[in-house]
Amino acid sequence: MAANFNAETSKPAGAPRTSSYAESLSSLRGSLRSASPAASLQSSTGNSTSGADSDQYGVEGGATDQSFVPAANMEDLAGRLFGIDHLKLILQSPIYFPRFQNFLARYRPNLAQSLKRYLDVQKALSATKYANAVAESLWPGLVAATTDEEFERKLDTTFTQLIQEALPGFVTHRMTQLVTEILVKEITGQAVPMMNNLVNGLAEVYCLTDPRIPDNPIIYASPQFFAATGYDNKAVIGKNCRFLQGKKTSKASVDRLIDALGEGQEICESILNYRKDGTPFINLLLIAPLHDTDGKVRYFLGAQVDINGLVEDGRGMDSFAALLTKDRSLSLAGGHAKGETPIGAIAELGRYLNDHERNVIQSTGGDPSNITQGRPNGHLTAFTRKVFGLNDAEDAELWGGPNFGPDGRMPGVFQNYVLVRPYPSLRVIYTAPSMRGANLIDTRFLSWIRGPSHVRANIKYALSFGESFTAKVSWLCGPNASDIAAAEASAQTPGEKMGRLAGTMGKESTRPLWLHCTPLVGEANRVGLWMVVLIKSEGITGAIGDLSLAGS
């Protein structure tokens, strides 16, 4: 339990890819071939049950639309969260699709073109289904349109990118936003009861690895890391963190982590991990490279947050909640799908038309606004609704930009952090990129803390005994901050220190901050490093904001 002080008072082996992903793509091919309208519908809605036996949630569809997923089954929930049906629901929703599209345009521009291609393919697919539905209504058993193998291959490639890269990135981005808001409110004492148990770890689960040692082993980890994973110190220190992987850990996620580590890049990933007792949990994992003075990667810092509470019942993602609701509805209804009809097929085509295409149709006599699906004639389809204002200004402060790089950034609540040597040194050895203008490196951590003497005394006590704590403090800032902190740190005696402090009176500027301090221990459970997260004293927002402490 953290104490609280207030100043005002080698490549991991992923599970082998199974046939389920290939079967899911085969299902899409079947819908393109459209041997008959009924077969087309069955393939495109994913009636295959093979997904339940899959080993890779990130590379296949998991359970199908016809299956009910118990909330307690985190492996199956992960399959649904990162699966084909969730992506389909997002792409077909007037609410969720603009969010997904905006995310790709802003943070994954390399995948935005893949999304455009996929939507164009869906137009061709829907047109094919419409042609076959009309043919079936006229001459049962007759096929009017088919597609060739090259078209199917291109569809496979495009869809693979969306399901393996775009959807996991979108989910991780959303979870990072929520985790940031929840943890900031928790740390600053503004949490509300409904937030209880939504995330576990309270920004306290960390590990530090050394890539200079073969297999990049963990050399330090926080006590909360051991508690969260169930592994003790001996099972963790000196080992690569692949021991957290299991039979349904996504190979695509593991590959992205390997690539980022190999290139010395930051990465943020939501991945299915397992505790020592085999219990699965979805881990929001953030990794940042730490460089030495020569610019070489010296360590990797990892932060982890258990987001099971956000995934269950779709509490953290409304599109996923809608999918789970749909699962339950289909389960209660017996999971029966209706046969394809021409009007249903043309309505599906209408979903994928853009404004220009709709205008062309309307100018030639058609009225796409009357394309309905199970609604009275003249009612606009839900897919004509526009959604605005989804690019919140706060969002830019929570995420690392279009591409993570080698700078050591972490998004969200971990955006502003420093690493501090253990007591008695307490020297700052590394700072987040957002704080490098403050010149904290090689200064004493306590030299930046102002306010009541008892708060400083309590902080020093906790640091000396390796106790996690959270403290609200007055933090030294302003143009003279680094000089003042350095002068205090260089004092040799208490009298000299008091004299130097007296000389800075009237020159100091401070700002209120929350410090969330967690020890990282190595062998024999000795503290080797402190991870300190700094948060502005804003209890009503998860937007961290600029903490360039060199400014006022």
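The values are calculated or read from the model by the stated rules, or taken from the named source; none is laboratory data. Everything numeric here is computed off the predicted structure, so don't read it as measured data. With ideal geometry, Cβ positions are generated from the backbone for all residues, glycine too; neighbour counts draw on all protein chains shown. Surface areas here come from the heavy atoms of the whole protein model, side chains and all, with no ligands, DNA or RNA. Shrake-Rupley method; radii C 1.70, N 1.55, O 1.52, S 1.80 Å.
So here's what we get for this one:
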| read-out | value |
| --- | --- |
| When each of LYS88/LYS116; LYS154/LYS326; LYS129/LYS326 is checked by Cα-Cα distance, pairs over 21 Å | LYS154/LYS326; LYS129/LYS326 |
| Rounded percent of accessible protein surface that carbon and sulfur make up, the range 171-305, 1.4 Å probe | 53 percent |
| Virtual spin-label span in nm between ARG153 and ASN240, 7 Å along Cα→Cβ | 3.4 nm |
| Sequence-distant residues sharing a close amide H with TYR220 (under 5 Å, placed H) | LEU208 |
| Cα gyration tensor category, rounded, prolate or oblate, for the range 104-163 with a/c compared to 1.5 | prolate |
| Kirkwood hydrodynamic radius of the range 147-299, from inverse mean 1/r over distinct Cα pairs, in Å | 17.6 Å |
| Label-point separation, ALA144 to GLU508 (7 Å along Cα→Cβ), nm | 8.1 nm |
